[in-house]
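The values are calculated or read from the model by the stated rules, or taken from the named source; none is laboratory data. Predicted model, so just to flag it, every value in this text is computed and none were measured. Glycine also receives a Cβ, built like all others from the backbone with ideal geometry; neighbour counts cover every protein chain displayed. Calculation scope for accessible area: heavy atoms of the full protein, side chains included, ligands and nucleic acids excluded. Shrake-Rupley method; radii C 1.70, N 1.55, O 1.52, S 1.80 Å.
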Amino acid sequence: GFTEFAGVRFIAPDPYWYHTTDQGTSLAPRAFLGSVRYIAKRDNLGRWGTLGANGTTVNGIIRDMAYLNGTVFVVGDFGSVAGTAAPFIARIDHQTGVVGTLSGGSVSCLAGTTVQTIAAAPWGSVYFGGGVSELAGTNTRMIGQWNGNFGTLTNGTVNDVVEDLYLNRGGTLVA
């Protein structure tokens, strides 16, 4: 018997919030979930549980999440998700719970850093930042992009670890 308090972050699948009165619900102040190993979900009936049929075990800490086209992207300080080797970044099919890596290569980070943040664009790209130093064998500067394959941003460089990303409706990425 022990109690663990978890911080909760809500993501909007749209991916934008429009207005505070567009939709609302009240959440029970406490819910017993057992062990969800760093990731939990709330279904459309308001029930809390693990992500995936048998739960999704994360070997480390999730720093940020994004949702795009039925896929949950997670980034952080981990080496595997649900037994699948996925250093720093993984994707989870929201309906089936199947875990995978991002196709096209791997992500490397500077020593002592991790992927800190992720932002999803409605046109199908995800952008991620942190201490990112290499994407699929190509040197990069703290921010990367994935749209089926890894890519680096073409304009400018960032010389310090990126702690947060924001993508506005017009498509401007702010680090």
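Specify which of the listed residues (49, 76, 7, 97) is assigned to a loop (DSSP other than H, G, I, E, B) and either at pLDDT 85 or above or open to solvent by less than 30 Å² (accessible area, probe 1.4 Å) (or both).
97
Might you check whether a residue that is closer than 24 Å to residue 44 by Cα, open to solvent by 10 Å² or more (accessible area, probe 1.4 Å), under 13 Å from the mean Cα position of the chain (by Cα) and among the hydrophobic types (A, V, I, L, M, F, W, C) occurs anywhere in region 80-89?
No - not one qualifying residue is present in region 80-89.
Is it true that residue 117 is touching a residue at least 12 places away in the same chain (Cβ under 8 Å), open to solvent by less than 60 Å² (accessible area, probe 1.4 Å) and touching a Lys or Arg at 6+ places or on another chain (Cβ under 9 Å)? Please lay out each step first, then the result.
Details: touching a residue at least 12 places away in the same chain (Cβ under 8 Å): yes; open to solvent by less than 60 Å² (accessible area, probe 1.4 Å): yes; touching a Lys or Arg at 6+ places or on another chain (Cβ under 9 Å): yes.
When the stated conditions are applied, residue 117 passes them.
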